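A.B. asks: Dropping a structure here in structure tokens format, bear with me for questions.
The values are calculated or read from the model by the stated rules, or taken from the named source; none is laboratory data. Everything numeric here is computed off the predicted structure, so don't read it as measured data. Neighbour counts are summed over all protein chains in view; Cβ atoms, including those assigned to glycine, are modelled from backbone coordinates with ideal geometry. Only protein heavy atoms, including side chains, enter the accessible area calculation; ligands, DNA and RNA are left aside. Shrake-Rupley method; radii C 1.70, N 1.55, O 1.52, S 1.80 Å.
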Amino acid sequence: MAKITVDARGLSCPQPVLLTMQALKQNADCWEILVDNQTALQNVTRNVKNAGKTVTVTESGEDYILEVK
């Protein structure tokens, strides 16, 4: 299976969370979520963990890359 990427940069909550949770319903080996602010990072991370997934966060400039498995 492939990786699904969700580009939620520039969006304010709850949009990044809603897009992420919608993407998690699709079959994939992993998901890559891109956000650009701390609030989205915290909210997406919390919701992904509550869904039983693991998340790894990497900073890239001003953006955050969340790898979800």
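A.B. asks: Compare the Cα positions of S12, C30, I65 along the charge dipole of the chain (+1 at Cβ of Lys, Arg; -1 at Cβ of Asp, Glu; about the Cα centre) and return the one farthest towards the positive end.
C.D. replies: With unit charges placed on the Cβ atoms, the residue in question is C30.
A.B. asks: Continuing with this model, one more query. Would you work out the relative contact order for the chain, in percent, from Cα pairs under 8 angstrom that are 6 or more residues apart? It would help to have the intermediate numbers written out before the result.
C.D. replies: Details: 116 pairs, mean separation 23.3, N = 69.
Across the chain, relative contact order equals 34 percent.
A.B. asks: What's the carbon and sulfur percent of segment 3-56's accessible surface, probe 1.4 angstrom, rounded to a whole number?
C.D. replies: Details: 1410 of 3120 Å².
Carbon with sulfur: 45 percent of the solvent-accessible area.
A.B. asks: Enter the accessible area per residue of the chain (Å², integer; probe 1.4 Å; all protein chains in place). Walk me through the numbers before you get to the answer.
C.D. replies: On the way: 4230 Å² over 69 residues.
Computed with neighbouring chains in place, this is 61 Å² per residue.
A.B. asks: Scale the Cα Rg of the chain by the rule-of-thumb value 2.2 N^0.38 Å and send over the ratio, two decimals. Kindly include the intermediate steps, with their values, before the conclusion.
C.D. replies: Working: Rg = 10.6 Å, N = 69, 2.2 N^0.38 = 11.0 Å.
My calculation over the Cα atoms of the chain gives 0.97.
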